[in-house]
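Contents: one structure, followed by commentary.
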Amino acid sequence: MVRAALTGGIATGKSYCLAKFAELGATTIDADRLAREAVAPGTPGLARVVERFGADVLLPDGSLNRPALGRIVFSNRTARADLEAIVHPDVYRGISEWFANLPSGTIAIADIPLLFETGHEHEFDRVIVVACDPAEQLRRLAVRDGLTREAAQARLDAQWPIDEKVARADHVIRTDSGFAETDREVRKIFESLKAEV
């Protein structure tokens with residue numbers, strides 16, 4: 001089995017690349033999905049979030065008000081660290097269980113946005129970083145999430161600079177040059193991973 005982590009900055013195109021790897025035959029998991037499950041209604045994770053941040057981070061139906069929580073954690077480093085301490089253990093436990101249940105010979109790719117920030121890169125055979133120019137990243141994020149330039153920049157500032165992630169990667173996918181070039185890079189890396197199984 002090849003255990004690979006797919007990471008990079010927010011709005012660099014990780015989800016697109018993960019879907020392309022899946023189309024080629026990789027088995028994939030998305031840490032963001034696990035993070036959402038960790039704070040779903042009725043979970044201990046959501047109870048801890050409410051205990052730390054108050055009932056104002058809940059919607060009337062009892063689910064997490066993500067925009068409200070985002071406004072808190074992206075403007076306060078301590079608050080962000082507190083949230084990560086609640087969510088990340090569940091996420092990495094879920095990824096470990098997922099790996100443990102895969103058959104040998106699998107090319108397994110976990111999309112983990114904060115891989116380097118959480119210090120878990122050593123748990124993977126290969127690290128793939130998805131990157132684009134920081135100005136393009138800022139533009140994409142503002143458009144995608146309907147954020148002001150300042151709010152988008154605050155989210156980018158909460159992560160390591162993309163160049164630092166690129167410097168630590170085994171493989172890099174640049175998403176600046178259009179879908180066809182991105183697809184070509186994904187396929188090339190997939191073939192490289194296949195050769196390691």
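Hey, fewest Cβ within 10 Å first, where do D145, D163 land in order? Walk me through the numbers on the way to the answer.
Details: D145 14, D163 11.
By the 10 Å Cβ count, ascending, the order reads D163, D145.
Output the Kirkwood hydrodynamic radius of segment 1-160, Cα pairs only, in Å rounded to one decimal. Don't skip to the answer; put the middle values down first.
On the way: mean 1/r = 0.0597 Å⁻¹.
So the Kirkwood estimate lands at 16.7 Å.
Across the chain, the mean sequence separation of Cα contacts (distance under 8 Å, 6 or more residues apart), normalised by length, yields a relative contact order of 38 percent. With a 10 Å cut-off between alpha carbons and a GNM built on the chain, which of F179, F74, F99 moves the most? Looking only at F179, F74, F99, the biggest GNM fluctuation is shown by F179.
Working note: 222 nm ellipticity from helices only, DSSP H runs with n ≥ 4, each -39,500 (n - 2.57), summed and divided by the residues of the chain, gives -16500 deg cm²/dmol to the nearest 500. Between the listed residues G119, A31, S75, the Cα displaced farthest toward the positive end of the dipole of the chain, a dipole computed from Cβ unit charges relative to the Cα centre, is found at S75. Ignoring aspartates and glutamates fewer than eight residues from K20 along the same chain, the ones with Cα atoms less than 14 angstrom from its Cα are D30, D111, E181, D183, E185, E191. For segment 21-81, the dipole from Cβ point charges (+1 on Lys and Arg, -1 on Asp and Glu) about the Cα centre works out to 320 debye, to the nearest 20.
Taking R0 as 41 Å, what's the FRET efficiency between L59 and R93 from their Cβ-Cβ distance, rounded to 0.05?
Details: r = 26 Å, r/R0 = 0.64.
About 0.95, to the nearest 0.05.
When averaged across all projection directions, what area in nm² does the alpha-carbon convex hull of segment 134-173 cover?
Details: hull surface 12.0 nm².
Convex hull of Cα atoms, orientation-averaged projection: 3.0 nm².
Highest first, please rank the peptides 35-45, 1-11, 111-121 by the mean number of other Cβ atoms sitting within 10 Å of their residues.
Details: 35-45: 15.6, 1-11: 23.2, 111-121: 19.6.
Sorting 35-45, 1-11, 111-121 by mean packing, highest first, produces 1-11, 111-121, 35-45.
Backbone geometry of segment 175-187 corresponds, through the Karplus equation with coefficients 6.51, -1.76 and 1.60 at θ = phi - 60°, to 3J(HN,Hα) couplings of 10, 7, 10, x, 5, 4, 5, 4, 4, 5, 5, 4, 4 Hz, x marking Gly and Pro. For segment 44-94, just say rounded, prolate or oblate: build the C-alpha gyration tensor, square-root its eigenvalues into a ≥ b ≥ c, call rounded for a/c under 1.5, and beyond that prolate if a/b exceeds b/c, oblate if not. Cα axes put segment 44-94 in the oblate bin.
Here, each number is a calculation from the coordinates, and none is a lab measurement. This is a predicted model, so every value here is computed, not measured. Using ideal geometry, Cβ is built from the backbone for each residue, glycine included, and neighbour counts are taken over all protein chains shown.
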